1. At q = 0.16, 0.17, 0.19 Å⁻¹, what log₁₀ I(q)/I(0) does a Debye calculation on the Cα points of the chain give, no solvent, two decimals?
2. Tell me, what is the percent relative contact order of the range 59-218, built from C-alpha pairs under 8 Å that lie six or more residues apart?
3. Using alpha carbons only, how many degrees (0 to 90, rounded to 10) separate the axis of helix 34-44 from the longest principal axis of the chain?
4. What whole-number volume per residue, in cubic angstrom, does the convex hull of the C-alpha atoms of the range 1-93 give?
5. For Glu24 and Arg62, FRET efficiency with R0 = 22 Å and r from the beta-carbon atoms, rounded to 0.05?
6. Ignoring ligands, DNA and RNA, what percent of the 1.4 Å accessible area of the chain is carbon and sulfur?
7. How long are the semi-axes of the equivalent ellipsoid of the range 13-53, defined as square roots of 5 times the Cα gyration tensor eigenvalues? Whole Å, largest first.
8. Give me the Kirkwood hydrodynamic radius of the range 137-208 in Å, from all C-alpha pairs, to one decimal place?
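The values are calculated or read from the model by the stated rules, or taken from the named source; none is laboratory data. These numbers come from a predicted model, not from an experiment. Note: ideal-geometry Cβ built from the backbone for every residue, glycine included; neighbour counts use all protein chains shown. To get the accessible areas, we keep the full protein, side chains included, count just its heavy atoms, and leave off ligands, DNA and RNA. Shrake-Rupley method; radii C 1.70, N 1.55, O 1.52, S 1.80 Å.
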Amino acid sequence: MLRLLLVDGDPQSAVALAALLGGEGFEVRVAATAGDALRTFDEHGAELVLLDAGPGLCRALRTRSAVGIIVLSGCGGEDDKVAALEHGADDYVTRPYGQRELVARIRAVLRRTPGRGARPAVISAGPVRLDPAAHTATVTGRPLDLPLKEFQLLETLVRNPGRTLGRDQLLETVWAGAAGESNTLNVHIKRLRAKIEPDPAAPRHLLTVRGIGFKYLP
């Protein structure tokens with residue numbers, strides 16, 4: 001049974017759409033917010049995500065997976081559609097939509113993206129090895145004890161070796177833009193350095209790029 005993740009802040013709409021898709025043979029999980037959606041995706045995976053959230057969630061999902069994404073929106077303007085597609089969506093459906101059309105678009109995206117939503121494979125870059133499905137991590141073969149947010153932050157950086165990721169991008173990807181204190185990211189980077197760097201005071205892998213953010217060098 002193919003797994004769909006439905007992100008919809010309207011409970012009544014979500015229940016109705018989940019029932020429709022369940023009747024079409026899909027296994028549907030529902031999330032009300034971007035944060036809930038990321039947690040659900042990390043825990044359960046999905047072959048396709050239907051979302052009514054902004055482009056930030058598209059970007060966050062794209063750092064994790066090549067899963068199929070369809071945006072459901074009440075905005076039908078060209079600029080809205082282009083923005084969604086540029087941020088990683090595979091299709092854009094304007095509300096109100098026909099049920100048969102939506103199901104057909106879902107199946108079309110799934111045909112174009114077979115298997116893309118499978119749980120991510122093991123990631124190895126330099127001394128760090130991550131298994132997102134099992135939530136395990138090692139550095140030079142030594143097991144790491146990483147809470148969820150530390151794991152997600154390290155995974156995001158390791159998936160982009162040598163690329164500088166901005167502070168806002170990391171906060172949005174890992175904390176869905178709701179990190180609370182502005183120092184949260186710095187604290188998590190400091191904790192990760194203590195766990196993966198030979199000398200945390202002189203980091204070789206988790207580097208600060210002043211005025212921008214951080215990057216991981218294998």
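1. Each listed q maps to, in turn, -1.06, -1.16, -1.35.
2. Numbers: 203 pairs, mean separation 30.6, N = 160.
Result for the range 59-218 is 19 percent.
3. Around 80 degrees separate the two axes.
4. Values: hull volume 7.7 nm³, N = 93.
That works out to 83 Å³ per residue.
5. Details: r = 26 Å, r/R0 = 1.17.
Once rounded, the FRET efficiency stands at 0.30.
6. On the way: 5490 of 10620 Å².
Accessible surface attributable to carbon and sulfur in the chain totals 52 percent.
7. 17, 12, 7
8. On the way: mean 1/r = 0.0791 Å⁻¹.
Answer for the range 137-208: a Kirkwood hydrodynamic radius of 12.6 Å.
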